Amino acid sequence: MLSTSGFSTTLGRWGFRQGNLLEIRDGFEGVILQFGESGRSSFREWLMERSWAVGALVGMVLVTYVPAMTAGFIWDDDQYVSQNVLLQTPAGLWRIWFEPQATPQYYPLVFSTFWGEHQLWGLDPAGYHVVNILLHAVNAVLLFRVLNVLGVPGAFFAAALFAVHPVHVE
């Protein structure tokens, strides 16, 4: 059971009533229990029961974004990838994490993935694009899962819109 004493005091100041807080808390506990009921097997079962939807989401992402695999680097990619000397040495990985001014913006996880990708395929942009497309497909499936567990009507359509919306093109 989640402790809400300090949380309820804070929310009480903002005009939330105790009943609403309990409903919110119970809702989160329900989601946590649904995600963790039987660990991986429940997620596998969920995937198998909705394999058509998961396949459709992944297919939509691939059809939409595979043409990007033939594209080169764009916009700030020179500064972030192709001319970034930090990606070329093991010491660069350390600097990415422990010297915040070493990169244009302090996003150590992003630059660590760039570092790893640079180690795998150098300056071939296709590799970077493939990773991004696959990560986007995984995110679309995870969004579908979260919305589905939360009982959101139209969860598949919301995830499909997320999967193919042009706002994700950079």
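The values are calculated or read from the model by the stated rules, or taken from the named source; none is laboratory data. All values derive from a computational prediction rather than experimental measurement. Here the Cβ positions follow ideal geometry from the backbone for every residue, glycine too, while neighbour counts run over all protein chains shown. Heavy atoms of the whole protein, side chains included, go into the accessibility calculation; ligands, DNA and RNA do not. Shrake-Rupley method; radii C 1.70, N 1.55, O 1.52, S 1.80 Å.
Take Gln119 and Met48, extend 7 Å from each Cα along the Cα→Cβ direction, and tell me the distance between the two endpoints in nm.
3.6 nm
Apply the Karplus parameterisation 6.51 cos²θ - 1.76 cosθ + 1.60, with θ equal to phi minus 60°, to every residue of segment 106-119 and state each ³J(HN,Hα) to the nearest whole Hz, in sequence, with x for glycine and proline.
7, 10, x, 5, 4, 5, 5, 5, 4, 4, x, 5, 4, 5
Given a 1.4 Å probe, how much area per residue of segment 59-170 is accessible, in Å²? Mind showing how you got there, number by number?
Numbers: 6670 Å² over 112 residues.
Result: 60 Å² of accessible area for each residue.
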